[in-house]
Ligand SMILES: [Cu+2]
């Protein structure tokens, strides 16, 4: 190919052509939903344009030099080697550009990493594979589990817009309030990432990182765990719902009442069928990842619960396993994440499901027994 200005222009256009085919916003970062995220976006665009100007100047200079000073007949090349003035100029010039970029960048960083107390402080704990949210001042909390159905995950049902980005219980926060997040983890490193808030903070066991937000419009914001944290890393999304302060207040009251109700429930006289119904739901949400829907597990790592001696005959041991977990194995303690009723229900369910009720003693486990276990330990 003959190299002339036209072919150089063609190459440059070829490189940038894809940009004209897709909308700019498809490629670019999102401005997000908070003032901070928009400042970060502004910083990103500012740095981008500085780079763009430098890039255009450097590319144009290169193209010009390549074209102008290419090997030509009858031209004698110049013989100078280096130019102190030129080298010094561009060293100082670029140092100045870098300092110029670092000033606005530092300002935004300091703002983003501000960890002063919020009006509301929420402790976020990453677990394999779910998020736990605790409202520190109000002493209420809950776990937020993926709610995308197994059928969708197994390509048996059509997927929709929020596939793998939906949870059973979103994190609720009020608008126009400074919220501080304290972010940690229980097992391995996770990372709490909500792009609209410009928060992407590692959740590390034994370590508390912080993030904060101030949302001014109600809305739903979605994110994901963004630190590879094991087999179901893609199954622990984040959904945050910003609501009016009134709605938030009634949400907290509801949570507090539920907590009291829960305590009363342990005293209730439970029917087997009630416990099995609750237990099946709890099992689907918490246990199928390892023990499978069929209860067959994935031996030898995840034991089958069908025909398991512990499930059939070892009630005490089974309660202990659920409450304490198994040291050194993937079986975690559920004492914190499930209520007494839920633990009793899931144990009852595993003792009644898959034909286990025929082989074993078939007794049910009552919430009261879980409460007694807790009290005996104290
Ligand atoms: Cu994770």
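Any read-out appearing in this document is the output of simple, stated calculations on the displayed coordinates, not a laboratory observation. Note that the structure is a prediction, hence the values are computed from the model and not measured. We place every Cβ from the backbone using ideal geometry, glycine too, and count neighbours over all the protein chains shown.
Quick notes on this one:
- The simple spin-label model puts a point 7 Å past each Cα toward its Cβ; for residue 376 and residue 87 those points are separated by 8.1 nm.
- Extension reserve of the residue 13-residue 257 stretch, reckoned as 0.36 nm per residue once the Cα distance is removed: 81.4 nm
- Label-zone membership for the stretch 194-229, site residue 111, 7 angstrom Cα→C-beta point, backbone N under 18 Å: 195-200, 211-217
- Stretch gain in nm, segment residue 326-residue 38, where the contour uses 0.36 nm per residue and the Cα spacing is subtracted: 99.1 nm
- With Cα atoms, 0 to 90° folded angle of helix 367-377 axis to the chain main axis: 80 degrees
- The Rg/Rh ratio for the stretch 66-113, using Cα coordinates for both the radius of gyration and the Kirkwood hydrodynamic radius, is 1.37.
- Remark: relative contact order (the stretch 267-377) = 31 percent; criterion is Cα-Cα distance under 8 angstrom and separation of 6 or more residues.
- By other beta-carbon atoms within 10 Å, ranking 274, 139, 161 with the fewest at the front produces 161, 139, 274.
- Degrees, to the nearest 10: 35-68 long Cα axis against longest axis of the chain: 30 degrees
- With the highest mean first, a sort of the peptides 113-122, 367-376 on other beta-carbon atoms found within 10 angstrom per residue produces 367-376, 113-122.
- Note on the stretch 79-221: the C-alpha convex hull projects to 15.6 nm² when averaged across all orientations.
- Pairwise centroid distance, computed over Cα atoms, of the stretch 300-365 with the stretch 193-219, Å: 36 Å
- Summary of packing: across the peptides 343-351, 284-292, 96-104, 214-222, the per-residue average of other C-beta atoms within 10 Å ranks them, highest first, as 343-351, 284-292, 214-222, 96-104.
- Once you reduce the stretch 44-86 and the stretch 118-155 to the center of their Cα atoms, the two points are 54 Å from each other.
- Distance between the modelled labels on residue 57 and residue 78, one decimal in nanometres: 1.9 nm (7 Å Cα→Cβ projection).
- For the chain, the 222 nm mean residue ellipticity estimated from helices alone, with every DSSP H stretch of n ≥ 4 adding -39500 (n - 2.57) and the total spread over all residues, rounds to -14500 deg cm²/dmol.
- The chain: angle of helix 245-265 to the longest principal axis, Cα-based, in degrees nearest 10: 30 degrees
- Footprinting exposure proxy for 197, 207 (fewest neighbouring C-beta atoms within 10 Å first): 207, 197
- Estimated D of the stretch 207-284 in µm² per second, where Rh is the Kirkwood radius over Cα pairs and Stokes-Einstein applies at 10 °C, 1.306 mPa s: 95 µm²/s
- Considering all different alpha carbon pairs of the chain, the Kirkwood hydrodynamic radius works out to 25.5 Å.
- Extending 7 Å from the Cα toward the beta-carbon at both residue 316 and residue 26 defines two label points whose distance is 6.5 nm.
- Counted by neighbouring Cβ atoms within 10 Å, the residues 322, 93, 36, 123 run from fewest to most as 93, 123, 36, 322.
- Bridges between two residues of the chain, per DSSP, are antiparallel at a rate of about 70%.
- Put simply, the C-alpha atoms of the stretch 267-377 give a gyration tensor, and the ellipsoid matching it has half-axes of 19, 17, 13 Å, longest first.
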